[in-house]
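Visitor: Please find one structure pasted underneath; my questions will follow.
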Amino acid sequence: SYTQTGGLQELRDKISTHLSKTRKRDFEDVFVTSGTSGGIFLSILALVNPGDEVLITDPYFVMYKHLVNLVGGVPKFINTYPDFRLKADEIEKQITPKTKIMMLNSPNNPTGVVYSDDELKIAAEIAKKHNLIIISDEIYDVFCYDHPYSSISEFYDKTLVLGGFSKSMAMTGWR
């Protein structure tokens, strides 16, 4: 028979327990998808309507722009060059009344940059000011070796956190 769409309850409970221990906070709900990319796809399908603008930090994981385009959304790019850091003015200048979502990816693919708490707080303040939803791709979070990792969800409640185990447990491509 088919499994539950959101994942088996036992697995979701174990993931929730793991997140409580590792993230030191509880998450409202846990949903299992076919990889983080599958979760990103479902998130965009559920949240983006034609004409909605989605802010994406540049450089970015190649799928983001195409998934937003697929559903009729409008990708808008936050310039992080030359140091790949988040800057308030670069975020603000992309926001219009049609902006609905800010996508963050930390540690970033492809640069490897990890956003600081100060950068995450700035992004959270801007998101709150404009009532944005944040989609945070955190698949590489366990690869922060030289300093503690922070999630934007620690600073902003309207955040959808996407993570997984395939990268950290050498299971990429397993289905």
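The values are calculated or read from the model by the stated rules, or taken from the named source; none is laboratory data. Computed from a predicted structure; not experimentally measured. So basically every Cβ, Gly included, is an ideal-geometry build from the backbone, and we count neighbours across all protein chains shown. We work out accessible area using only protein heavy atoms, side chains counted, and drop any ligands, DNA or RNA first. Shrake-Rupley method; radii C 1.70, N 1.55, O 1.52, S 1.80 Å.
Visitor: Name the residues in region 20-45 that are within 15 Å of Ser136 (Cα to Cα), aliphatic (A, V, I, L, M) and not in a loop (DSSP other than H, G, I, E, B), would you?
Guide: Across region 20-45, the qualifying residues are Ile40, Leu42, Ile44.
Visitor: Out of all the residues in region 96-132, which are in contact with a helix residue (DSSP H, G or I) (Cβ under 7 Å, 6 or more places away or on another chain) and open to solvent by less than 40 Å² (accessible area, probe 1.4 Å)?
Guide: Listed by number, the residues that qualify are Thr99, Ile101, Met102, Met103, Leu104, Pro107, Leu120, Ala123, Ala124, Ile126.
Visitor: Would you tally the residues in region 124-160 being without any contact (Cβ under 8 Å) to a residue 40 or more places away in the chain, in contact with a Ser or Thr (Cβ under 9 Å, 6 or more places away or on another chain) and aliphatic (A, V, I, L, M)?
Guide: 4
Results for (1) surrounded by 16 or more Cβ atoms within 10 Å (Cβ to Cβ); (2) among the aliphatic types (A, V, I, L, M), shown as yes or no for each residue.
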residue	(1), (2)
Ser1	no, no
Leu11	no, yes
Lys24	no, no
Glu28	no, no
Val32	yes, yes
Gly38	no, no
Leu45	no, yes
Val48	yes, yes
